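Everything below concerns the one structure shown next.
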Amino acid sequence: MSNLFLKHFFYIVLVIFSNLSISENLILVPENILDVRSGKLIKAKVYIEDGIIKSISQDEEEFKTAKIIELSGITLMPGLMDAHVHLIGNNELHGYQSMSESSQMATIYGVKNAKSTLLAGFTTVRNVGAGHFADVALRDAIKQGVVLGPTMLVSGPSLSISGGHGDNNLLPFSSDNHSHKHNIVDNPWDARKAVRINRKYGADLIKFTATGGVMSKNTDVNAKQFTYDEMKALVDEAHSHGMKVAAHAHGLKGIKVAIMAGVDSIEHSSYIDKDTIQLAIDKGTYLSMDIYVSDYILGEGSKKGILEESLVKERKVGKLQRENFKAANSMGANMVFGTDAGIYPHGDNAKQFKYMVQWGMTPLEAIQASTINTAQLFGLSDVGELKEGFKADIVGIRGNPLKQIDLLEDVVFVMKEGLIYKD
């Protein structure tokens, strides 16, 4: 192993085990830098100081005191982002199998999944739904340098109506599973209280299920869940605390009502139509459409233990969702990169890029969805671009992703906040 590799390996070990904040001034010397706004490839060097991009320049004088890292043949670009992941839990367990997993074991798997996600080049993610606030613990452990992983924005438990997608419909009635949980919402005041509790225990945002779902038993993906008054109370309460709201919504009516209630993003958006796409544009609502995962569910689902009921629903939803993705992009909707990681193996997030291109996006638009657009949805002003003053969240690939988008499936260099995790 090279001295450079060993040096950065020991930096990471120190950060993990002694909780020290270690940084040094670095110069990255790549083949090219991709400007994700213009799509231009730039010949320049990146000067990093204390985890922040200090300068992007060819000026040699500016780089006298920093350590040089040669990245021959590598194109650098901003760290990728995923707006819809589920890091907590063993993604090999589906349906009734998932009931065998304790919350403690699910959290331990979250540590493994977070590392896989970071090493795949995703330096910032939004975790939308986790029991027992395990995502809050994982987020904080990553922040404190206890484990490796991306920067996380987390929702805590998803909010659901009784019997909805997000309530547990696998078990028959018993006194043990019928006790009321704070995330089960059946009136506007329930909604406000649930938001307050999620915030109390550390959630960054709120996620609720505005329709049924593919992966839940005895729910209809086309059926609206929550009344308008419940949604409006939920959104108002969240926004009053500076929290954004993500609405899981497949069915058209649930999508439309959630947009009217003021949510910040619609997850899945499978049955959206052109009028509702225009409504989302008018309201500034972001669409997060997971158009890769359908192939994984239908190809691998049966042997992975996904319920036949869920497979039937996915057969109806998958192609329609992709056609509506194409329509939304062509109309100029706010599109972000969200994959539903956790249904498929973590670390495979970038497999969605080629589907986005296949269904109407240019390679640059697909990359912008996972950088600039997702940063805007997250409300983060210091990530999503390689720019002076931004965090040094940087990934590298061999070649030009604008010519071959699936190169993003093989990220060879990962830096987060100035520390190298993959070289």
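A short reminder: the numbers here are calculations on the coordinates, not readings from a lab. Not measured: the values here are computed from a predicted model. Note that each Cβ is placed from the backbone with ideal geometry, even for glycine, and that neighbours are counted across all protein chains shown.
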The chain: relative contact order in percent, alpha carbon pairs under 8 Å with at least 6 residues between: 20 percent
Within a Gaussian network of the chain (alpha carbon springs, distance under 10 Å), most fluctuating of Glu309, Glu365, Glu31: Glu309
Positive-end residue, the chain charge dipole about Cα centroid, Cβ charges, pick of Ser160, Gln104, Leu34: Ser160
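What dipole magnitude, in Debye to the nearest 20, does region 80-378 give about its Cα centre under +1 on Lys/Arg Cβ and -1 on Asp/Glu Cβ?
Once rounded to the nearest 20, the dipole reads 260 debye.
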Angle between the chain longest axis and helix 252-261 axis [Cα atoms, degrees, rounded to 10]: 70 degrees
Under 5 Å, built H, 5+ apart or other chain: amide partners of Ile52: Ala392
Neighbour-count ranking [beta-carbon atoms within 10 angstrom, fewest first] of Ile48, Ile306: Ile306, Ile48
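In what sequence do Val85, Val312, Val317, Val263 fall when counting other Cβ within 10 Å, fewest first?
Exposure proxy ranking, most exposed first: Val312, Val317, Val85, Val263.
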Part-to-part distance (alpha-carbon centres) for region 392-423 and region 32-92, which is given in Å: 8 Å
Value of [θ]222 nm, deg cm²/dmol, for the chain, DSSP H segments ≥ 4, -39500 (n - 2.57) each, nearest 500: -10500 deg cm²/dmol
Using θ = phi - 60° and Karplus 6.51 cos²θ - 1.76 cosθ + 1.60, couplings along region 309-316 (whole Hz; Gly, Pro as x): 4, 5, 5, 4, 5, 5, 4, 7
Among Ser265, Ser381, Ser158: highest mean-square fluctuation, GNM of the chain, C-alpha pairs under 10 Å: Ser381
Whole-percent pair-distance distribution, where bins are 10 Å wide, for the alpha carbons of the chain: 5, 23, 32, 25, 12, 4, 0, 0
Counted charge near Asn400, where neighbours are those whose Cβ lies closer than 14 Å (Asp, Glu -1; Lys, Arg +1): 0
Ranked Trp359, Trp189, criterion: other C-beta atoms within 10 Å, fewest first: Trp189, Trp359
Selected from Leu408, Leu205, Leu320 as most flexible by GNM, with the chain as the system and alpha-carbon contacts under 10 Å: Leu320
Label-zone membership for region 319-334, site Ile281, 7 angstrom Cα→C-beta point, backbone N under 12 Å: 327-334
Straight-distance crosslink candidates among lysines, where the alpha carbon sits under 22 Å from Lys224 and sequence neighbours closer than 8 are dropped: Lys181, Lys193, Lys207, Lys232, Lys244, Lys253, Lys256, Lys274, Lys283, Lys313, Lys316, Lys319
